[in-house]
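Comments concern the structure below.
The values are calculated or read from the model by the stated rules, or taken from the named source; none is laboratory data. Since the model is a prediction, treat every value here as computed from it, not as a measurement. For neighbour counting, all protein chains shown are included, and Cβ atoms are generated from backbone atoms with ideal geometry for every residue, glycine included.
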């Protein structure tokens, strides 16, 4: 997410329930939400960064000055239902963050496949056939 948004503000936007909110120092907030959401959640503000991910039409790159990296670490699930639950919970969190601010943002899968961008207020889904259509039951959580 582009901009100098404080990590604790991102945490409040992402997780309205205080019990789910990541904690730590201003340089790193984290929460073990495996039991409730299916992922470990981390927020890290950075002075600069870049994103390079495979997009529908080739490699997409984005160089950022101040930004906030939000990550979701998920287990490899034995049961598809658990994996879909975790992915749905992740998309709800992403939707909350996007819906409560206007920052440019990108969502990548494993840091190398572009799934979603919001640039200049326009949200667009990427990797539709490979990811969004595969997860059609949860794909409407975020419009784009």
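Name every residue in the range 41-69 that is under 25 Å from residue 20 (Cβ atoms) and touching a helix residue (DSSP H, G or I) at 6+ places or on another chain (Cβ under 8 Å), in order of residue number. Outline the logic, then answer.
Within the range 41-69, the first condition is being under 25 Å from residue 20 (Cβ atoms), and the residues that meet it are 41-46, 67-69.
Correct list: 41, 43, 44, 45, 68.
Take the conditions within 19 Å of residue 54 (Cα to Cα), at pLDDT 90 or above and surrounded by fewer than 16 Cβ atoms within 10 Å (Cβ to Cβ) and apply them to residue 119. Does it pass? Step through it out loud before you land on a result.
Working: within 19 Å of residue 54 (Cα to Cα): yes; at pLDDT 90 or above: yes; surrounded by fewer than 16 Cβ atoms within 10 Å (Cβ to Cβ): yes.
Criteria met by residue 119.
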Practice prompt. For the range 65-75, indicate whether the set of residues that are more than 27 Å from residue 26 (Cβ to Cβ) and touching a residue at least 24 places away in the same chain (Cβ under 8 Å) is non-empty.
Written response: yes
Discussion item. I'd like to know if the range 92-107 contains one or more residues that are in a strand (DSSP E or B), free of Cβ contacts under 8 Å to residues at least 24 places away in the same chain, in contact with a helix residue (DSSP H, G or I) (Cβ under 8 Å, 6 or more places away or on another chain) and within 26 Å of residue 12 (Cα to Cα).
Written reply: yes
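Residue-by-condition table, conditions (1) more than 12 Å from the chain's Cα centre (by Cα); (2) surrounded by 13 or more Cβ atoms within 10 Å (Cβ to Cβ); (3) over 23 Å from residue 32 (Cα atoms):
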site: 84; (1), (2), (3): yes, yes, no
site: 92; (1), (2), (3): no, yes, no
site: 133; (1), (2), (3): yes, no, yes
site: 140; (1), (2), (3): yes, no, yes
Worksheet item: Which residue pairs have Cβ atoms closer than 6 Å, lie 6 or more positions apart in sequence or on different chains, and pair a first residue in the range 35-50 that is within 20 Å of residue 114 (Cα to Cα) with a second residue that is in a loop (DSSP other than H, G, I, E, B) and modelled with pLDDT of 95 or more?
Response: 41/22; 43/22; 48/65
Worksheet item: Hey, among the residues in the range 4-32 that are closer than 16 Å to residue 94 by Cα and in contact (Cβ under 8 Å) with a residue 40 or more places away in the chain, which one's surrounded by the fewest Cβ atoms within 10 Å (Cβ to Cβ)?
Response: 16
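So, residue 124, is that one touching a strand residue (DSSP E or B) at 6+ places or on another chain (Cβ under 8 Å) and either surrounded by fewer than 16 Cβ atoms within 10 Å (Cβ to Cβ) or not in a strand (DSSP E or B) (or both) or not? Steps first, please.
Details: touching a strand residue (DSSP E or B) at 6+ places or on another chain (Cβ under 8 Å): yes; either surrounded by fewer than 16 Cβ atoms within 10 Å (Cβ to Cβ) or not in a strand (DSSP E or B) (or both): yes.
Taking the combined requirement at face value, the residue satisfies it.
Please verify whether the range 76-85 includes one or more residues that are under 21 Å from residue 11 (Cα atoms) and at pLDDT below 95.
First, the residues of the range 76-85 that are under 21 Å from residue 11 (Cα atoms): 85.
With the extra rule that they be at pLDDT below 95, the set shrinks to 85.
Checked the range 76-85: at least one residue is under 21 Å from residue 11 (Cα atoms) and at pLDDT below 95.
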Discussion item. Going residue by residue through the range 52-64, is there one that turns out to be surrounded by 12 or more Cβ atoms within 10 Å (Cβ to Cβ), farther than 18 Å from residue 131 by Cα and within 10 Å of the chain's Cα centre (by Cα)?
Written reply: no
Worksheet item: Hey, among the residues in the range 23-41 that are under 17 Å from residue 67 (Cα atoms) and not in a strand (DSSP E or B), which one's modelled with the highest pLDDT?
Response: 27
